[in-house]
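Worksheet: the structure to be examined is printed underneath.
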Amino acid sequence: MNESKGVTKGWIRVVLIIVPFVVFIGVSQMMAMLILGIELSARNFVPNTFQNTVIALSMLLATTAVVAMFREWVDKESFRSLGFNLKSAGRDWAAGLLLGSVMMTAGFILLMMLKEIHWAGTNVDFSSLLLSVVLFLAVAFNEELIFRGYILNNLMRSMNRYVALLVTSVLFSLVHLGNDSFSWFSFLTILLAGLLLGLPYIYTKSLWLPVALHFSWNFFQGTIFGFNVSGNKEYSLITQSREADTLMNGGAFGFEGSILSVIFLSLAICALWLYHARKENATPVALPSEKALETGLEEVVVE
C-alpha cells in the first residue's frame, strides 16, 4: 500500500463506517425486539437476561457483517487481519481472563472490607449463569471488533498510535453516554477502560487479550459479584447491597463508577505499557551481514 494514501485513508475509513454501523446496529436491535415480542414503543422496559442475550447476539451479527464488508471492499484486507491470529490466542485469553477476574475480585473484597457494600445473599441459577456467559462474550466481541479491531486499527494508519488509542478510547466512552446513571466520572473510568483494552492491541495487533479482558471484567463485575455493569443490572450469583451510593462503591453505575476502578485501571495500564514497551525495545534488530554488504544481497543477521 502506498504510505501516503494510508495516512489519509485510515481516518476516512473510520468516518465512513459510522453511519452504516449505526444503521446495522439499530435495525438488528429492532428485529431482535420484534422476534422477542417486545413493543418498540415500550418505555422503561427492562429486558431479562435471555432477552438481553438475544439482542446482544443480533448486534454482534450486525457488527460482524458491516466490519467484514468494509474490511473486504474498502480496506481490501482480510477479516482475520483485524486481530484474529490463532498463534497467541490461548495465552492471550488466559492473560485477559486472569487480569479482569483479579481486578474485580480485589475490588469486591476491598469494598466489603471498607463496608461500602454488603453480601446480601446468593442466587444460584445455572441457566442464567450460562446465558450471562454468552451475553458478555457477545458484548466483548461486538465492542472490541468495532472499536479496537476496526477503528483503532485504521486510526493507527493516520496518526501516532498513542493518539489513535486516546481518540478510540474517547469514542468508546462516548457511546456509553446513554447508559443509566452515567456521569462525567463514569466517562473517565470508561475512557481508562478503553485505554487498557486498546493498549495490548497497539503493540500486538491481536484482539484476543482485549476480548478476554473485556469479557472477564464484565462477567465478574455483574454475574459473579452483583455490581451493575455500566449502569445495567443483570443476573448475579452474589446479591450485594450498599447503604449509600458513593464514589468509592460506584453506586448505580457499578464498579466502573468507583474510585477503586480508576486506581486499578491506571495501575493495569502502567503495568501493560511497561511490559510491552520493554518487550518492544528488547526485540532483536535485523542488520546486514558482512556478506550482504560485500555482495549487495538482502541477507541479514539478527543481533
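A few remarks follow.
- Lone qualifier among LEU130, LEU137, LEU177, LEU114 - being under 29 Å from ILE224 (Cβ atoms), touching a residue at least 24 places away in the same chain (Cβ under 8 Å) and out of contact with any Phe, Trp or Tyr (no Cβ under 6 Å at 6 or more places or on another chain): LEU114
- Among (1) modelled with pLDDT of 95 or more; (2) of a type in the set (Val, Ile, Thr); (3) more than 15 Å from the chain's Cα centre (by Cα) - the single one VAL229 does not satisfy: (3)
- Answer from LEU213, LEU192, LEU209, LEU199 - the residue that is assigned to a helix (DSSP H, G or I) and within 16 Å of ILE259 (Cα to Cα): LEU192
- If you go through the stretch 271-284 and keep only what is hydrophobic (A, V, I, L, M, F, W, C), exposed (fewer than 11 other Cβ atoms within 10 Å of the Cβ) and assigned to a helix (DSSP H, G or I), you end up with just LEU274.
- Within the span defined as the stretch 109-125, every residue fails to be among the charged types (D, E, K, R), assigned to a helix (DSSP H, G or I) and farther than 16 Å from LEU237 by Cβ.
The rows are residues; the columns are (1) closer than 29 Å to GLY10 by Cβ; (2) β-branched (Val, Ile, Thr); (3) buried (at least 16 other Cβ atoms within 10 Å of the Cβ).
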{"position": "MET33", "(1), (2), (3)": "no, no, yes"}
{"position": "GLU39", "(1), (2), (3)": "no, no, no"}
{"position": "MET59", "(1), (2), (3)": "yes, no, yes"}
{"position": "THR63", "(1), (2), (3)": "yes, yes, yes"}
{"position": "ARG71", "(1), (2), (3)": "yes, no, yes"}
{"position": "TRP119", "(1), (2), (3)": "no, no, no"}
{"position": "SER132", "(1), (2), (3)": "no, no, yes"}
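- When GLU144 is tested against (1) over 25 Å from VAL66 (Cβ atoms); (2) within 11 Å of the chain's Cα centre (by Cα); (3) of a type in the set (D, E, K, R), just one condition goes unmet, and that condition is (1).
- The residue that is farthest from the chain's Cα centre (by Cα), among those in the stretch 72-93 that are under 30 Å from LEU237 (Cβ atoms) and touching a residue at least 12 places away in the same chain (Cβ under 8 Å), is ALA89.
- Residue within the stretch 157-166 that is within 19 Å of PHE215 (Cβ to Cβ) and in a helix (DSSP H, G or I) present: no
- Count of residues meeting criterion [more than 25 Å from THR122 (Cα to Cα) and either free of Cβ contacts under 8 Å to residues at least 60 places away in the same chain or in contact with a strand residue (DSSP E or B) (Cβ under 8 Å, 6 or more places away or on another chain) (or both)] in the stretch 230-276: 7
- Within the stretch 146-159, residues that are at pLDDT below 95 have Cβ atoms under 6 Å from residues that are surrounded by fewer than 24 Cβ atoms within 10 Å (Cβ to Cβ) in these pairs: ARG157/GLY6; ARG157/GLY10; SER158/VAL7; SER158/GLY10; SER158/TRP11, counting only partners at least 6 apart in sequence or on another chain.
- Residue among SER236, SER169 that is assigned to a helix (DSSP H, G or I), closer than 18 Å to VAL139 by Cβ and polar (S, T, N, Q): SER169
- The one condition in (1) over 11 Å from the mean Cα position of the chain (by Cα); (2) buried (at least 22 other Cβ atoms within 10 Å of the Cβ); (3) farther than 23 Å from TYR275 by Cα that ASN123 fails to fulfil: (2)
- Residue within the stretch 60-83 that is touching a Ser or Thr at 6+ places or on another chain (Cβ under 6 Å) and within 21 Å of ILE202 (Cβ to Cβ) present: yes
The values are calculated or read from the model by the stated rules, or taken from the named source; none is laboratory data. Just so we're clear, the structure is a prediction, and the values are computed from it rather than from any experiment. Positions of Cβ are backbone-derived with ideal geometry, glycine not excepted, and every protein chain shown enters the neighbour counts.
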